[in-house]
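Presented below is the structure to which this report refers.
Bear in mind these aren't lab numbers, they're just calculated from the coordinates by the rules spelled out. Computed from a predicted model, the values in this text were never measured in an experiment. Heads up, the Cβs are rebuilt from the backbone with ideal geometry, glycines too, and the neighbour counts pull from every protein chain shown.
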């Protein structure tokens, strides 16, 4: 689904990622770990194609196609979707209108209302996007848009950030639906790449591989739960010395 080859990325003239490589197979979900400021969000932004994140070396391959120089909207149309840690407030635009605009295929009112009810965002649909929303409401609204878009590659930047335990279970359930976790892996058409700082989301969403990014470099790779337990017990410094 995704192959990142020797990716080097600059933001406002400062090099943030340094020759980073990873790949995510079809139907797989991988997790990204690392301290604040390590480059995790920069990686997702570069994959999504935000112009502020300039690729100076390397390639981003999506479904066998080089998308390194494609615009953000072209990547979205090809099937890449992203949920932000801190998405912007959009005044004057209703949440329902954004959901309709996000849909890759036309959704009738019944389908939209059914999805809104399952995500507990019915009361948000007529409100301006993210304006006055709580942390859990923002995350559920973001997932509503992603479920409408139905992307092949789902990028999630700290989906547990600002979310209480009650909302966490629902968000985990809907992420599993988005990533087709009810199907066997070889029957899935979607893959996921999840940034997690606390690891809480992995209690609800299974990720096979995990990567540790420190100072813009991928320094460790392995089974996601094993890496998370190592981080909890010994900190990121242990990952830096392990380098496997």
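Values as computed for the structure displayed
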| read-out | value |
| --- | --- |
| Shape of region 38-91, Cα gyration tensor, a/c cut at 1.5 | oblate |
| Part-to-part distance (alpha-carbon centres) for region 99-143 and region 160-186, which is given in Å | 16 |
| Gaussian network model of the chain, Cα within-10 Å springs - most flexible of 210, 132, 39 | 132 |
| The chain, relative contact order [Cα under 8 Å, separation at least 6], % | 27 |
| Candidates 108, 182, 157, ranked by Gaussian network fluctuation over the chain, Cα under 10 Å, top entry | 108 |
| Anisotropy class of region 63-197 from Cα gyration tensor, a/c 1.5 cut | rounded |
| Alpha-carbon gyration tensor eigenvalues x 5, square-rooted, for region 103-179, Å | 18, 16, 11 |
| P(r) of region 8-111 over all Cα-Cα pairs, binned every 5 Å from zero, in whole percent | 2, 10, 18, 20, 21, 13, 10, 5, 2, 0 |
| Relative contact order computed over region 164-244 (Cα-Cα under 8 Å; 6+ residues apart), in percent | 20 |
| Exposure proxy ranking, count of Cβ atoms within 10 Å, fewest first, for 89, 99 | 89, 99 |
| Using distinct alpha-carbon pairs, which all enter the 1/r mean, Kirkwood radius of region 128-221 in Å | 14.2 |
| Most fluctuating residue given options 148, 31, 111, as computed from a GNM of the chain linking Cα atoms under 10 Å | 111 |
| Per principal axis, descending, Cα span of the chain in whole Å | 52, 39, 37 |
